[in-house]
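Values in this text are rule-based calculations from the coordinates and carry no lab data. Remember, it's a predicted structure, so these values are computed and weren't measured experimentally. When we count neighbours, we look across all protein chains shown, and the Cβ atoms used for this are built from the backbone with ideal geometry, even at glycine.
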């Protein structure tokens, strides 16, 4: 019979098995630009938390406004918000050395070695002469404020490069994943190429030299590892926690190596497809703390055909 301590521990493990199914926190404050101090009435206004890292003047659009900066009808065309009642806008291309960007502080810094997923939606305005494809997201450990209107010539962490984004009716999703160096605290969205290195297409015969996009529904979330290791198990043949093996949260995950060592470093289990039953050479192993090593292939959420390798090690307790 299990002690009360053992019962409570098993209940805790059951709770752990569902923890990774919870929705991940969006680290972007005011992600769909719904929060504002005043309705936009002039160019260069931004929603709460959002600023410009350069002298460029991105804009703010909201249904509360009348005229030039309203939603869905405004001075640049007609577009309903992807989410809620508002969106931002920025100039993504001119033939001159002038571009616009949007910058926001993250709710918390990114963690070194952790993988993050970035997603946002853009739509080309009706009154753009040009369309481009190189729109991306850059992360910085510090707030950027150049005091100039020149392009930010950095290598973005995520960038759209499939085709020129010409859709003025719907919204185009730009997304991707990356591994953080650590302590990144700001997100900047825009075109991180010079005019000469930007891919453009003329889509309207109008008297301007601009490519301008609306922006909405921005998110940065940590990619959960779709696997957890229990902290204890009890091989007492009661059909509850009788074996030790990873808890899966993704059927596409593939375990490549799974090894268990006792406290003296002796390898007592080495099989990636078989759970450990608490025995070695047919003999029950004593209650103790053991060490596991696991290697697995994990599909990326934005591209299931692309995989990353998970290497994990830790300890657990065998209870009897």
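The table below lists the values:
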{"quantity": "Net length gained if the chain between residue 169 and residue 320 were fully extended (0.36 nm per residue, minus Cα distance)", "calculated": "48.0 nm"}
{"quantity": "The chain: calculated mean residue ellipticity at 222 nm from DSSP helix runs of at least 4, using -39500 (n - 2.57)", "calculated": "-1500 deg cm²/dmol"}
{"quantity": "Cα centroid separation - the stretch 250-320 against the stretch 77-136, whole Å", "calculated": "42"}
{"quantity": "Percentage of interatomic Cα-Cα distances in the stretch 162-301 larger than 22 Å", "calculated": "62"}
{"quantity": "Angstrom value of the Kirkwood radius, inverse mean 1/r, which spans all Cα pairs in the stretch 59-222", "calculated": "16.2"}
{"quantity": "C-alpha long axis of helix 4-19 to longest principal axis of the chain, angle in °", "calculated": "30"}
{"quantity": "Cα Rg over Rh - the stretch 220-320, Kirkwood", "calculated": "1.02"}
{"quantity": "Gaussian network model of the chain, Cα within-10 Å springs - most flexible of 115, 240, 127", "calculated": "240"}
{"quantity": "Per-pair calculated FRET efficiency, R0 = 25 Å: residue 289 and residue 239 via Cβ, rounded to 0.05", "calculated": "0.55"}
{"quantity": "For the chain, alpha-carbon Rg relative to the globular expectation (2.2 N^0.38 Å, N residues)", "calculated": "1.31"}
{"quantity": "The stretch 145-189: translational diffusion in µm²/s, Stokes-Einstein, Kirkwood Rh over Cα pairs, 10 °C, 1.306 mPa s", "calculated": "116"}
{"quantity": "Gain in span if fully extended, residue 155 to residue 248, counting 0.36 nm per residue against the direct Cα distance", "calculated": "30.0 nm"}
{"quantity": "Virtual spin-label span in nm between residue 312 and residue 80, 7 Å along Cα→Cβ", "calculated": "4.2"}
{"quantity": "Mean separation of Cα contacts under 8 Å, 6 or more apart, over the residue count of the stretch 59-222: relative contact order %", "calculated": "36"}
{"quantity": "Approximate spin-label separation residue 55-residue 144, in nm, with each point projected 7 Å along Cα-to-Cβ", "calculated": "1.7"}
